[in-house]
Each structure stands twice: as C-alpha cells, then as structure tokens.
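Okay, so here's the structure we're looking at.
Any read-out appearing in this document is the output of simple, stated calculations on the displayed coordinates, not a laboratory observation. Computed from a predicted structure; not experimentally measured. Neighbour counts are summed over all protein chains in view; Cβ atoms, including those assigned to glycine, are modelled from backbone coordinates with ideal geometry.
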Amino acid sequence: MKKTFQVILFILAAIVSTFSLCEETIKIVTEEYPPYSYSENGKITGIATETVEAVLNDLGNETEIKIYPWARAYKMALNEKNVLIFGLNRTQEREDLFKWVGFITSNSLAFFSLQTRSDIGINSLNDAKKYDVGVIIEDSGAQHLLSKGFTRITPVNSDIQNLTKLLIGRIDLWLTDELNGYYVFKKNGHDPNKFIIKYDFQISSGLYMAFSKNTSDELVEEFRESLDNIKENGTYSKIVQKYKYKTWTSHDLVD
C-alpha cells in the first residue's frame, strides 16, 4: 500500500511539473532586421520570425513576439528570466551568455559605402580600420569590430540612422547584414545601385534562437525538440523556400 501511494505521488509530481513548465511565462524578443525579422502591414514577419512562430505552433504556445531596438532586446535576454531572443549571431563572445535553442539561417555581414567613394579600398578586415564605420549598439558586428581593435566606430540604435549618416558623409562605411542593407535602401526610396559592398565576411555559424541564461533546461529542451520537429516534418523547409525567392539583392531591387 505504501509503495502504491509513493508511485501515485511520483506521478502527480510529474504531472504538476509538466503543467508548470507548459504554463511558464516567457518573453520573445527580436529586432527590426529584414529579411529575418521585420514589420510589414502591422505584422511581424521574416524567415526567422516564421521559424519561431512554427515552433510556437508546434508547442501550442501563443506568446506574442515583440520587436525592440537591438540593445534593449539584447539586454533583456542577458538579464531577465525566460527570455527567448532570435536573429542572434552565435559568436564565440556570446557562446556562454545564452542557452542556445538552435540554428535558424545563415547570414553575411558587409561594409557598404556610397558608390561614389572610389577612395575607399578594403582587401581585408584590417583595412577597414582606416575608416569611420556605422554599427548598431550591441550588435554582433559591432562586438566583433571592437574585439579586432577597431576604434573608429559609431554605434546607433537603428539602420535608418546609419543610412542617413552614410548619405551625408558622417560615416564612410555602414556594417550590416548584406540582405538587410539592400532592404533598407529600397524601403527608404534609394536606388541600391548608389551603394557598393566594399568587403563582406562571416563572424558566426549563422542566426540562432536562444534563451536567457537563467531559463530552466527543461524549457530550453522543449523548444529544441519543437525546432527539430518542424525541420523534420517539412515546415521549416517550406519557410526557407518561401524566402528563397524573396531576397533583396541589388538586381531584385532595381525597378
């Protein structure tokens, strides 16, 4: 009888634990970073956003995704409990700062300049140190440049600030994701052919979703399993195919 009672208590504890885990409140944050996450017609979309939404659907979780300036989203994920951040480059500097859920997509960083700036020549990352570079506060690109000894960098909160500074000559180069750069040019009414990539490179294995460090391992594992599920059942592949032909290269954007 005693043994039976102990078994019943164990089962009840397991049920309560699972229920609590499912009911655990989380925050999901990202930035305006097309084509990975961005606002369009009042809705947050993008290849990374749709991947996270598919994971939430698989879990039966209805948590709302919020867009913030990157520095704010990043600070929340560093300091608060149960924060899922996505569109996050998995760099060496960040490896131990988060609990990583999984890979979303690859990306590439690029130094953009005005096409007219024939005086700017960059054959290596080191060459870019001679120029004034616009970056986003706490962005992985900014962190990477600082780690490489760059001193002439100007951090701001938004892409449009960097674009404006580039146009009026306040910076020589704008460091951003290649596709994001082309999207910002087009969205703000500028011919992408007015700009040129002086140098491009990769700093990580790609964009990931990750939880804040003080999130339970069980919750992180739930999201990992659901990410694996949508990759195995073909949902993720459909998202990738949808955006494969919706890229923003210079050729795509010229009307």
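At a glance:
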quantity	calculated
In sequence order, calculated HN-Hα J values of segment 135-152 (Karplus, 6.51, -1.76, 1.60; Hz; x Gly/Pro)	9, 9, 4, 6, 5, 4, x, 5, 4, 5, 4, 4, 5, 9, x, 5, 10, 9
Percent antiparallel among DSSP beta bridges (both partners in segment 109-201, rounded to 5)	60 percent
For VAL101, distant residues with modelled amide H under 5 Å away	MET209, ALA210, PHE211
Segment 201-214 - phi-based ³J(HN,Hα) in whole Hz, Karplus 6.51/-1.76/1.60, Gly and Pro as x	6, 10, 10, 8, 7, x, 8, 10, 10, 8, 9, 4, 4, 8
Positive-end extreme of charge dipole, segment 109-201 - chosen from PRO155, LEU167, TYR183 (charges on Cβ)	LEU167
Pairs beyond 25 Å (Cα-Cα), from LYS66/LYS187; LYS165/LYS187; LYS198/LYS231	LYS198/LYS231
Net charge of neighbours whose Cβ lies under 13 Å from the Cβ of ALA73, counting Lys and Arg as +1 and Asp and Glu as -1	-1
Protection-proxy order for peptides 216-229, 161-174, each taking the mean of Cβ atoms within 10 Å per residue, highest first	161-174, 216-229
Distant-in-sequence amide H partners of ASP132 (H built 1.01 Å from N, under 5 Å)	ASP172, LEU173
Value of relative contact order over segment 109-201, rounded to a whole percent, pairs C-alpha under 8 Å and six or more apart	49 percent
Between segment 61-127 and segment 159-176, the alpha-carbon center distance in angstrom	18 Å
Surrounding net charge for THR91, when Lys and Arg each add one and Asp and Glu each subtract one, Cβ distance under 15 Å	-3
Debye log10 I(q)/I(0) for segment 109-201, one point scatterer per Cα, at q = 0.11, 0.19, 0.23 Å⁻¹	-0.25, -0.80, -1.23
For TYR33, distant residues with modelled amide H under 5 Å away	TYR38
Karplus 3J(HN,Hα) series, Hz, for segment 64-75 with 6.51 cos²θ - 1.76 cosθ + 1.60 (x for Gly, Pro)	7, 8, 10, 9, 10, x, 3, 4, 6, 4, 5, 5
Cα-only radius of gyration and Dmax that characterise the chain, units Å	21.1, 86
Neighbour net charge for SER37 - beta-carbon separation under 10 angstrom, K R +1, D E -1	-3
Relative contact order of the chain, pairs being alpha-carbon contacts under 8 Å that are 6 or more residues apart, as %	28 percent
Among beta bridges that DSSP assigns inside the chain, antiparallel share in %, nearest 5	70 percent
